[in-house]
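Only the coordinates and a few stated rules stand behind these numbers; no lab work does. Predicted model only: the values in this text are computed from it and were never measured. Heads up, the Cβs are rebuilt from the backbone with ideal geometry, glycines too, and the neighbour counts pull from every protein chain shown.
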Amino acid sequence: MATSKFKKKIAATIQKSDAGKWFFNWVRIYMGKSNERRLTDYEYIIKEYPLRTGEKINLKDPKRYSEKLQWLKLFYRNENMPICSDKYRVREYIEAKGYGHLLNNLIAVYDNGKDIKPEELPDRFAMKANHGSSWNLICTDKSKVNWFWWKRIFNCWLKRNLYTFGREWNYKHIEPKIIVEDFLDHSPLVDYKFMCFNGVPKYMQINHDIDGKHYVDFLNIDWEKQGFTYKNYKMSDVLVPKPEQFEEMKEIATALAQEFPYVRVDFFNFEGRIIFGELTFFPGGGLQYPVPVDYDYILGQELTLPEPNHNLELYKKIQEETA
């Protein structure tokens, strides 16, 4: 645990500068490729899960929420999951579902950082990789961006594959792009994340800031605060006000979740308007478990796993193993 915290501290220190961010991303590219060569998805999961949770994973009869998400990685496939994980192509999916009006305005799309022309961008915008997590540049003044380094950082993102860390198969073959959307000028900006189990929203993850500090709270669908958060995050002491559009957001989340065993549907509520955020199938790679750990089991009870449709030989082998 101490080693893990030390590594995170070193990584955070390196990334304080733009040059450090560029260097860090190059390191992650090579680490990811090495990781993928050395371990199969199954080997990665059975090795990484106990390192994160302190417990051996039970894939034969999973009980915990975090275990069931690993099971879904290995034994379940849905052809729409890669599309919905792609922050660019998901726009097509949302439009096809009749919710195109919820999409944030798309300003530009790039295949190479060298193609970015800052003079053609507005002063404020949100720029992100379509195939990653938290690979973002939230710009409030483009004149203060060091474009020499950021174009190189973007190209590092384009070379990274999120699949290699966490083995989220849905990211593996996404065509990398850099997309630019409107900056949402609202502070603090609250992120409403509907946790949908077998097509039904059951819990809310609320990401928000108070006095410059970030909090991750969980509520049930009746907007009652729950006594857990994710490991390495903090709960706030307040109950975030329910937005006026809550029922509409819940209805949309339900519609978008129908074909998936588990999905988290994210929204912003900007100036009275619902804005679609993203669809997430394995939050934190499925390894970001709730604490206290009792809630990992409570959430696990909400998820009924589908019939396996992938890696069936491995699935059969595990089922035949003695406890």
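Quick one: if you take sqrt(5λ) for each eigenvalue of the C-alpha gyration tensor of region 198-323, what semi-axes come out, biggest first, whole angstrom? Please report the intermediate quantities before stating the final value.
Numbers: eigenvalues 181, 73, 30 Å².
Ellipsoid half-lengths, sorted descending, are 30, 19, 12 Å.
Of all GluC sites (Glu not before Pro) in region 243-299, which ones are in loop regions per DSSP and have a Cβ with at most 14 other Cβ atoms within 10 Å? Intermediate results must be reported in sequence, preceding the final value.
Details: sites: Glu244, Glu247, Glu248, Glu251, Glu259, Glu271, Glu278; in loops: Glu244, Glu259, Glu271.
Qualifying residues, ordered by number: Glu244, Glu259, Glu271.
So if I place +1 on the C-beta of Lys and Arg and -1 on the C-beta of Asp and Glu, and nothing else carries charge, what would the dipole magnitude of region 278-318 be about its Cα centre? I want it in debye, nearest 20. Please list the in-between numbers first.
Details: 2 positive and 6 negative charges, 44 e Å.
Magnitude of the dipole: close to 220 debye.
Label region 73-126 by shape, choosing from rounded, prolate and oblate, from the square roots a ≥ b ≥ c of the eigenvalues of the Cα gyration tensor; if a/c is under 1.5 it is rounded, and otherwise prolate applies when a/b is larger than b/c, oblate when it is not. Intermediate values should be presented prior to the final figure.
Numbers: a/c = 3.53, a/b = 1.70, b/c = 2.07.
Note, shape of region 73-126 comes out oblate.
Hey, if you put +1 on the Cβ of every Lys and Arg and -1 on every Asp and Glu Cβ in the chain, which of Ile153, Phe24, Leu314 ends up farthest toward the positive end of that dipole?
So the residue we want is Phe24.
For region 174-272, list log₁₀ I(q)/I(0) at each q in 0.15, 0.19 Å⁻¹, using the Debye formula over Cα point scatterers of equal strength and ignoring solvent, two decimals each.
So the normalised log intensities work out to -0.68, -1.02.
What's the center-to-center distance, using Cα atoms, between region 22-73 and region 204-220 in Å?
One Cα centre to the other: 26 Å.
If the only charges are +1 at each Lys and Arg Cβ and -1 at each Asp and Glu Cβ, what is the size of the charge dipole of the chain around the Cα centre, to the nearest 20 debye?
Numbers: 48 positive and 45 negative charges, 348 e Å.
The calculated dipole for the chain is roughly 1680 debye.
Any chance you could count the Lys pairs in region 142-269 whose alpha carbons are under 22 Å apart, treating pairs 8 or more apart or on different chains as valid?
Value for region 142-269: 27.
Going by amide H atoms built from the backbone, whose H comes under 5 Å of the H on Lys231, apart from near neighbours?
Under 5 Å from the amide H of Lys231: Tyr289, Val291.
With only Lys, Arg, Asp and Glu charged, each at its Cβ (+1 for the first two, -1 for the last two), find how big the charge dipole of region 136-207 is about the Cα centre; round to the nearest 20 debye. Walk me through the intermediate numbers first.
Numbers: 11 positive and 7 negative charges, 87 e Å.
The dipole of region 136-207 has a size of about 420 debye.
Using label points projected 7 Å from each Cα along Cα→Cβ, tell me how many nm separate Ala96 and Trp223, to one decimal.
3.4 nm
Residue farthest toward the positive end of the dipole of region 40-108, with Cβ of Lys/Arg at +1 and Asp/Glu at -1: which of Asn80, Gly100, Asn58?
Towards the positive end, the residue furthest out is Asn58.
Which whole-Hz couplings ³J(HN,Hα) result when phi for each residue of region 286-303 is put into the Karplus expression 6.51 cos²θ - 1.76 cosθ + 1.60, θ = phi - 60°, listed in order with x for Gly and Pro?
Per residue, the Karplus-derived 3J(HN,Hα) values read x, 10, 9, 8, x, 10, x, 5, 3, 6, 5, 6, 4, 5, x, 5, 6, 9 Hz.
Whats the longest run of the chain with zero trypsin sites (Lys or Arg not before Pro) that are DSSP loop and have at most 10 other Cβ atoms within 10 Å?
Details: sites that count: Lys16, Lys56.
Answer - 57-323.
Can you give the helix-only mean residue ellipticity at 222 nm for the chain, where every DSSP H stretch with n ≥ 4 adds -39500 (n - 2.57) and the sum goes over all residues, rounded to the nearest 500 deg cm²/dmol?
Rounded to the nearest 500, the figure is -11000 deg cm²/dmol.
To two decimal places, what compactness ratio does region 72-172 give when its Cα radius of gyration is scaled by 2.2 N^0.38 Å?
1.21
Mind listing the phi-derived Karplus ³J(HN,Hα) values for region 66-71, rounded to whole Hz, using 6.51, -1.76 and 1.60 with θ = phi - 60°, and x for any glycine or proline?
Those phi angles translate into 5, 5, 5, 5, 5, 4 Hz.
Dipole of the chain (Lys/Arg Cβ +1, Asp/Glu Cβ -1, origin at the Cα centre): which of Phe165, His131, Tyr297 lies farthest to the positive side?
Of the candidates, Phe165 comes out farthest on the positive side.
What does region 1-159 give for Rg and for Dmax, in Å, if only its C-alpha atoms count?
19.2, 56
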